[in-house]
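Report on the following structure.
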Amino acid sequence: MGIASDFVLIVLAGLLGGLLARALRVPLLVGYVAAGVLVGPYTAGPTVVQVHEIERLADIGVALLLFSLGLEMSFQDLQPVRRMALIGGPLQILLTSLAAAAAGRTALGMPVTEAIWFGAMISLSSTVVVLKTLSAAGVTSTLASRVMIGLLVVQDLAVVPMLIILPQLGDPGHLPLRLARAIGIAAVFLAAVVVLGVRLLPPLLRRVLRLGSRELFLVSVVAIGVGVGYATERMGLSFALGAFVAGLILSESEFSRQALSDVVPLRDIFGLLFFVTVGMLLDPRYALAHAARIALIVPLIFLGKSLIAGGLARAFGYVNMAPWIVGLGLSQVGEFSFLLARTGVASGALSKPAYDLALTCTILTMALSPAVSGLALPLGRAWRSWRKPAAAPAPVALPPEALHGHIVVAGYGRSGQAVARVLRAAGIPLVVVELNHAVFGALHEHGLAGVWGDITSEEIQHAARIESARMLVLAVPDLSTAELGVDRARRLNPAIVTIARAARPQQMTALRKLGVDAVVQAEFEGGVELVRQALIRYPADGALAARLLAGVREEFYGGYLKTPSETSS
């Protein structure tokens, strides 16, 4: 059956790897990579035959992932981090390349040209892994996440000049002319894509929608993503970069949310292909034969890249947890390193041992990246606790009189804004604590008192006057932040009432064990409100509807959450 049988084998292996990863409580992509090792050419058992064709399908997965990222974002989203991306991005690539090349030359004994190739490969981070990790954690809209995405976009763009410059290292005479020509073509082509896309794509999709076919809309959206990607590839640029630009164009239209919803299942299937093919490239025999060297190099890659990216984030004014999140989040080696490695081997600039070393380190850092990035908040808090800052940040815009019996709202996202709006309308005094400085700026516009900082910090809680507060409402999506915030608040005020948001149903158990007074699961409450609105408009008996909804809440929360009827009684 050729490629069809290979596709079935990959999907089945990915399913088994995903189930194993879920059982071991590790990210799914780790299971997918492990599945790729099992069906790859270097291990016994069932083996994928049409490797090249599968790799091309996997490229579509990368393109669809970046296309969906573009749909989720807008040009305005990148405005707060444009300075870090445009200046810090090239600096990060340059510093990481120099450090890795120096290490390759001195510690690994590589020739100069080969060391430069090695440094360029190490400088790139994985857009696919980072986006998967951010999406799984539900934090794609935070400031630190935007910084990482901005840096990743610059890295992906940098692949183009790398592919031009690196093969010419042996013949540098014509390099400036070729580089200028390539940059000019890229700039003109991307500008044309943006202009034509803004003018043509929305009217085209409106015509498709008038036909009344949801299926044609999906086909049109996918065709736009992969079509623009293919066109950019034909112009000598990245296939995935073109798909990302197409997503950015559509994100400014009214079709972005529906297009994203339709593309996600297709993206996930093709994304599975990508991670399995990554695992197929790993030769376990090479890894075992050079285990000691790899065991030393992989941690050094994580450490070096974390220090450079995190240090640059701090140098550009990002404080608190952002440098830790950015540094550890971008500490892996990325998928475009495979492209550079293949080009290096084809041009004769990379030897087979250097190729195998770079490939093995890339795969291992990608597989371990979710676990490493998960250490950002614990390590950041431990560092801050060890340093023991002498002075607490001063409260911003707090009332001059002593607050007592107020409510502290942690997080000013959509949920936090809704809470703050209602509390203020009810005349209840409140203080908002927000870590994202860009979001924090909106507090002044809304006339709210607030403190900029991390709710897990005792200094920040002092600034919010948690000792005299009556209640702490945690509207943050991160479980560890909520847990540590509750723990610190109770040390300062044992009588405080705590209410927390659970981003996922599984988080409710952990928060209940911590003794949080009330836990609210946002998705469930959204479903209950949908049902309530449906019953109101059906119409149904009001008393019966209230009893049914109370029963549903009782079953879901197990009596743990007080309902409005219980409160009034």
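The angle separating the long axis of helix 414-425 from the principal Cα axis of greatest extent in the chain is about 20 degrees.
Axis of helix 3-23 versus longest Cα principal axis of the chain: the two differ by about 40°, to the nearest ten degrees.
Look at the dipole of segment 407-568 built from charges on Cβ: of Leu544, Gly411, Leu484, the Cα furthest out on the positive end belongs to Leu544.
Please compute the net charge surrounding Leu377, taking Lys and Arg as +1 and Asp and Glu as -1 over other residues with Cβ under 12 Å from its Cβ.
Summing Lys/Arg as +1 and Asp/Glu as -1 gives -1.
Remark on Ala502: its backbone amide H falls under 5 Å from those of Val520, Gln521, Ala522, a criterion applied only to residues 5 or more positions apart or on other chains, H modelled at 1.01 Å from N.
Ordered by the count of other Cβ atoms within 10 Å of each Cβ, fewest first, Glu458, Glu114 give Glu458, Glu114.
Stretching Val8 away from Ile536 to a fully extended chain increases their span by 185.3 nm, per 0.36 nm per residue minus the current alpha-carbon distance. Computed on segment 407-568, with alpha-carbon pairs under 8 angstrom and 6+ residues apart, the relative contact order is 16 percent.
For segment 240-245, putting each phi into the Karplus relation 6.51 cos²θ - 1.76 cosθ + 1.60 with θ = phi - 60° gives couplings of 5, 4, x, 5, 4, 4 Hz, in residue order, rounded to whole numbers and with x for Gly and Pro. When you restrict to C-alpha pairs under 8 Å that are six or more residues apart and normalise by the size of segment 331-389, the relative contact order lands at 41 percent.
Magnitude of the Cβ-charge dipole of segment 3-382, K/R +1 and D/E -1, about the Cα centre, nearest 20 debye? Computed about the Cα centre, the dipole is about 600 debye.
Using a ≥ b ≥ c from the Cα gyration tensor of segment 3-382 (square roots of the eigenvalues), is it rounded, prolate or oblate, where a/c under 1.5 gives rounded and otherwise the larger of a/b and b/c decides, a/b for prolate? Because its axes are fairly even, with a/c under 1.5, segment 3-382 counts as rounded.
Taking amide hydrogens as placed 1.01 Å from N in the peptide plane, the amide H of Val409 sits under 5 Å from those of Val431, Val432, Val433, Val473, each at least 5 positions away in sequence or on another chain. Counting neighbouring Cβ atoms within 10 Å and putting the fewest first, the residues Leu248, Leu443, Leu157, Leu379 line up as Leu379, Leu157, Leu443, Leu248. Taking Cα atoms only, the orientation of helix 336-347 departs from the longest principal axis of the chain by about 0 degrees.
Sequence-distant contacts, meaning Cα pairs under 8 Å at least 6 residues apart, place the relative contact order of the chain at 15 percent. Across segment 370-383, rounded Karplus estimates of 3J(HN,Hα) from the backbone phi angles (6.51 cos²θ - 1.76 cosθ + 1.60, θ = phi - 60°) give x, 5, 5, 5, x, 7, 4, 5, x, 5, x, 5, 4, 4 Hz, Gly and Pro being marked x.
The modelled label-to-label distance for the pair Phe524/Ala510, using points 7 Å beyond Cα in the direction of Cβ, is 1.7 nm. The Cα atoms of segment 407-568 give a gyration tensor whose axes a ≥ b ≥ c have a/c of 1.5 or more with a/b greater than b/c, which makes the shape prolate. Here the Karplus curve 6.51 cos²θ - 1.76 cosθ + 1.60, taken at θ = phi - 60°, turns the phi angles of segment 427-433 into couplings of x, 8, x, 8, 10, 9, 10 Hz, with x standing for Gly and Pro. Here the residues Tyr32, Tyr286, ranked from fewest to most Cβ neighbours within 10 Å of their Cβ, fall in the order Tyr286, Tyr32. Helices in the chain, meaning DSSP H runs of at least 4 residues, each add -39500 (n - 2.57). Divided by all residues, the mean residue ellipticity at 222 nm is -22000 deg cm²/dmol. Within the chain, antiparallel bridges make up roughly 5 percent of the DSSP beta bridges whose residues both belong there.
Classify segment 240-322: rounded, prolate or oblate, from the alpha-carbon gyration tensor (a ≥ b ≥ c, eigenvalue square roots; a/c under 1.5 rounded; otherwise prolate if a/b is larger than b/c)? Oblate, because a/c is 1.5 or more while a/b does not exceed b/c.
Values in this text are rule-based calculations from the coordinates and carry no lab data. Remember, it's a predicted structure, so these values are computed and weren't measured experimentally. Neighbour counts run over all protein chains shown; Cβ positions are idealised from the backbone, glycine included.
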